[in-house]
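Structure record follows, encoded as structure tokens.
Every number here is computed from the coordinates shown, using simple stated rules; none is lab data. Fair warning: this is a prediction, and the values are worked out from it, not measured in the lab. Cβ placement follows ideal geometry from the backbone for every residue including glycine, while neighbour counts extend to all protein chains displayed.
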Amino acid sequence: MHILNEGDIAKLLEVAKATPYYSLFYIALYTGMRRSELLGLRWVDVDLDLSQLSVTRTLHRLRNGTIVFQQPKTAKSRRMIALPPSATLVLREHYVKQEAGRILLNIPFPPEDLVFSQSDGKPLQPDTVTHAWIKLARSAGLRGVRLHDSRHSHATIMLKAGIHPKVVQERLGHSSIQTTIDTYSHVLPGLQEAAAQRFDEGLRRHTPNVKNRVLSEKE
């Protein structure tokens, strides 16, 4: 597991701007979605007005090369993910570019079309996307970072920001909150210390005697 910090993410996305994968990798980092979920996402699953999307299916490539769409494996994997304003803007711009490309090629552009696809609307090959990520990460000086690490990075940044693990679990589609806690246990010690400090600070505002005693002990 390699966790990207905010600076790393900025570097990677800056390099990705000049590629067809910018929107895909942006949404990966800002939602924590799995590769299969991103590649199976359709415009009908996206609500740009409400800034949210629904994970309703996944894309997989079989050993014989056939691309298939399947339902998520668990009920928790079928979920709604709220989009931050910047991600909504990226998707709006992506939609406009994709629509213009289809018009140029004289290809229909129904709501059931894939959000992330080839120029003619055909599905992206999962391995191609993974290789593109690796190449971009190296160009940004981030060697050894996998596409799946975008998911880990999303979760870690949210937890460090004080987002409740239950919310992180729901965004990632984990089957239980225990899975989230076990996977990101490396973040929890720091969170516990910060929580204890905030708890103490909150009580001090209402208990002057305790506050004065703490100050005197520090002196």
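Just how large is the dipole of segment 6-180 about the Cα centre, in debye to the nearest 20, putting +1 at every Lys and Arg Cβ and -1 at every Asp and Glu Cβ? Please list the in-between numbers first.
Details: 24 positive and 15 negative charges, 133 e Å.
With only Lys, Arg, Asp and Glu charged at Cβ, the dipole is about 640 debye.
Going by average Cβ neighbours within 10 Å, how do the peptides 171-177, 84-90 rank, with the highest at the top? Don't jump to the answer; show the numbers that get you there.
On the way: 171-177: 18.0, 84-90: 14.4.
Final packing ranking: 171-177, 84-90.
If each DSSP helix of 4+ residues adds -39,500 (n - 2.57) and the sum is divided by the residues in the chain, what number results at 222 nm, nearest 500 deg cm²/dmol?
Values: 10 runs with 116 residues, N = 219.
Taking each H run of at least 4 residues, the total per residue is -16500 deg cm²/dmol.
Among LYS11, LYS17, LYS73, which comes first, then next, by fewest other beta-carbon atoms within 10 Å? Kindly include the intermediate steps, with their values, before the conclusion.
Values: LYS11 18, LYS17 9, LYS73 12.
Result, fewest neighbours first: LYS17, LYS73, LYS11.
What is the packing order of peptides 25-36, 139-150, taking the mean over residues of other C-beta atoms within 10 Å and listing the highest first? Mind showing how you got there, number by number?
Working: 25-36: 22.5, 139-150: 16.9.
Top of the packing list down: 25-36, 139-150.
Considering all projection directions equally, how large on average is the shadow of the alpha-carbon convex hull of the chain, in square nanometres? Can you show the working numbers first?
Details: hull surface 63.3 nm².
That works out to 15.8 nm².
Taking only pairs that are 8 or more places apart or on different chains, how many Lys pairs in the chain have Cα atoms under 17 angstrom apart?
On the way: LYS11/LYS135; LYS17/LYS97; LYS17/LYS135; LYS76/LYS166; LYS97/LYS122.
Total qualifying Lys-Lys pairs in the chain comes to 5.
What is the gain in length, in nm to one decimal, between ASP120 and GLN197 on full extension, counting 0.36 nm per residue of separation less the C-alpha to C-alpha distance? Kindly include the intermediate steps, with their values, before the conclusion.
Numbers: separation 77, 0.36 × 77 = 27.72 nm, distance 5.46 nm.
Contour length minus the Cα-Cα distance gives 22.3 nm.
Residues with amide H under 5 Å of LEU83's amide H, sequence separation 5 or more or different chain, H placed in the peptide plane at 1.01 Å from N; which?
Counting only residues 5 or more places away or on other chains, the set is GLN52, LEU53.
For the pair ARG204 and LEU62, how long in nm is the line joining their label points, each one 7 Å along Cα→Cβ?
6.4 nm
How large is ³J(HN,Hα), in whole Hz, for each residue of segment 160-165 in order, when computed from phi with the Karplus curve 6.51 cos²θ - 1.76 cosθ + 1.60 and θ = phi - 60°, using x for Gly and Pro?
5, 7, x, 5, 4, x
Can you give me the distance in nm between label points at SER86 and ILE177, each placed 7 Å from the Cα along the Cα-to-Cβ direction?
Between SER86 and ILE177, the simple spin-label model gives 2.9 nm.
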